[in-house]
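Where a number appears in this text, it was derived from the coordinates with a stated rule and is not lab data. Not measured: the values here are computed from a predicted model. So basically every Cβ, Gly included, is an ideal-geometry build from the backbone, and we count neighbours across all protein chains shown.
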Amino acid sequence: MTPTRWCAALFALVALMAALLPLAPVVVVLAACVVVGLTLADALVLSRQVPQATRTPPPVLARGATFPFEVDVTLDSARSVRVRQPVPPELGVDPSEAPGRSLRATLTARHRGNHVVPPAVVRSTGPLGLARRDRAVLEPIPVTVFPDLPKARRMAMARRTARSAEEGRIRARLGLGTEFETVRDYSPDDDVRQINWMATSRVGRPMSNQYRVDENRDLLCMVDTGRLMAAPLADGTRLDVALDAVAALAAAVDDAGDRVGAIAFDSAVRRVLSPRRRGAEAVVRALYDLEPVEQESAYDEAFQVASGRKRALLALFTDVMDGTAARPLLEAVPVLLRRHAVLIATCRDPDVVATAQAMPGRLFDVYRSAVALEVLESRQRALAVLRSLGAVVVDAEPEQFGAACVAGYVRLKQRARL
């Protein structure tokens, strides 16, 4: 319970009257006692009134998603009421407070994981406006934030719709498989094994056989949660961007009829989820609360766990910052390539690219651009080594990262690399 500015103004007025007017001390003391009494009466009214409140319970959210959030307070005797809703840094609420007995706001999920929305705070002023009180109302409520699986499913649906429109009718997925489907014109992306030489000689232009893609293949998403994945990127960290891409890739695998699983690792293997059909939601639930740790990633240990499984596509989500940082990865990845098809997904840093391309205006800018160029060149050399070893490398901006990973998976599937 605290006095308001009006209470302070009354005390200031009493002091001013005592200084300027020839009042007896008894009168001054009496006036001060009246102000104190009125303030205590105001506070007593507030203490007897317990605010009642309701709040919209938030559902399970996706990172970056928003949700209409409302807090309504019932308090009759107060002269004025103000409602405030504090939230942890992983969540955002706008506006966070409002005058009156209702707060109409938007709740934003900024970070994955399990979070808690604390009690709302109601600030009420007594009927005389001399005392005010802050009270916490409502119980804390848990909020679960997943990677953006709804967006991933929308991407998969858009791909399916585009494929259906292109083919003119709903049909099985096509690619380099075992069951013959049709003969069509040759495409530059076609595998040489698809070329139909008899049809080519007959029509005088390159023709390719089209096969139905084999289904029920395994894809294993390997997620690095070591220290490099804690670097800020876009509106989160590299791990946030990677897990959004994992959700997009898992949804595409579900749509293709394959099985999907996951392994998360840093200095040790933390989580293992065996591949399963319709496993996108299981993968997201298994990985959504991962956080990067300040430890080096043990690629060799994680790759040993994955290498003993039957042949699959292993999609490794990691950060290839430069050649020096990528040396443990370069030394360990041949273990996977002996048995599996490997897709290495890494995200570019737009800030480093912008720094390298910026026109320098000062000597400091020249040095900064030179360092950024050296980092990018070292990174490209490391990616070139990975490609020469036989891995498929996906290197994209944060906004296109999920779509690029899905495109890499589709290319591998069409070329029968799974």
If I build a Gaussian network model for the chain, linking alpha-carbon pairs within less than 10 angstrom, which residue out of Asp254, Asp185, Asp72 has the largest mean-square fluctuation?
Asp185
If I take every Cα pair under 8 Å that is 6 or more residues apart in the stretch 81-139, average their sequence separation and divide by the length, what percent do I get for the relative contact order?
34 percent
Among (i) 221; (ii) 139; (iii) 150, which is the computed volume of the Cα convex hull per residue in Å³?
(i)
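Before anything else, pin down the relative contact order of the chain: Cα pairs under 8 Å, at least 6 apart, normalised by residue count, whole percent. Write down the numbers at each step before the final one.
Values: 829 pairs, mean separation 51.1, N = 418.
The normalised contact order for the chain reaches 12 percent.
Treating only the Cβ atoms of Lys and Arg (+1) and Asp and Glu (-1) as charged, compute the dipole magnitude of the chain about its Cα centre; round to the nearest 20 debye. If you can, show how the numbers build up before the last one.
Numbers: 55 positive and 47 negative charges, 212 e Å.
Once rounded to the nearest 20, the dipole reads 1020 debye.
Going by a ≥ b ≥ c, the root eigenvalues of the Cα gyration tensor, does the stretch 79-157 fall in the rounded group (a/c under 1.5), the prolate group (a/b larger than b/c) or the oblate group? Each step should come with its number before you reach the end.
On the way: a/c = 4.42, a/b = 2.73, b/c = 1.62.
Since a/c reaches 1.5 and a/b is larger than b/c, the shape of the stretch 79-157 is classed as prolate.
Sorting check: for 238-248, 373-383, which peptide has the highest mean count of neighbouring beta carbons within 10 Å, and how do the rest follow? Each step should come with its number before you reach the end.
On the way: 238-248: 27.7, 373-383: 16.4.
Per-residue Cβ counts within 10 Å, averaged per peptide and sorted highest first, yield 238-248, 373-383.
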Arrange the following residues from fewest to most other Cβ atoms within 10 Å of their Cβ: Ser297, Ser307.
Ser307, Ser297
Please work out the Cα center distance from the stretch 223-285 to the stretch 110-143, rounded to the nearest Å.
36 Å
Residue farthest toward the positive end of the dipole of the chain, with Cβ of Lys/Arg at +1 and Asp/Glu at -1: which of Phe303, Pro275, Val406?
Pro275
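Could you compute the FRET efficiency for Arg311 and Ala354, with r as their C-beta to C-beta distance and R0 at 45 Å, rounded to 0.05?
0.65
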With a 10 Å Cβ neighbour count serving as the proxy for reagent exposure, in which order, fewest first, do Glu294, Glu90 appear?
Glu294, Glu90
Between helix 238-256 and the chain, what is the angle of the helix's C-alpha long axis to the longest principal axis, kept within 0 to 90° and rounded to the nearest 10?
50 degrees
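If each residue's Cβ is checked for other Cβ atoms within 10 Å, how do Arg5, Arg184, Arg48 rank with the fewest at the top?
Details: Arg5 11, Arg184 15, Arg48 8.
The most exposed by this proxy come first: Arg48, Arg5, Arg184.
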Give the separation of the Cα centroids, the stretch 1-61 to the stretch 68-101, in Å.
23 Å
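Rg(Cα) of the stretch 1-146 divided by 2.2 N^0.38 Å?
Values: Rg = 20.8 Å, N = 146, 2.2 N^0.38 = 14.6 Å.
That ratio works out to 1.42.
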Dipole magnitude (debye, nearest 20) for the stretch 1-146, charges at Cβ of Lys, Arg, Asp, Glu:
120 debye
Rounding to the nearest 10 and keeping the result within 0 to 90°, find how far the Cα-based axis of helix 401-414 lies from the longest principal axis of the chain.
20 degrees
Taking the chain as the reference, fit the longest principal axis to its C-alpha atoms, fit the long axis of helix 25-48 to the helix C-alpha atoms, and give the angle between the two in degrees, 0 to 90, nearest 10.
40 degrees
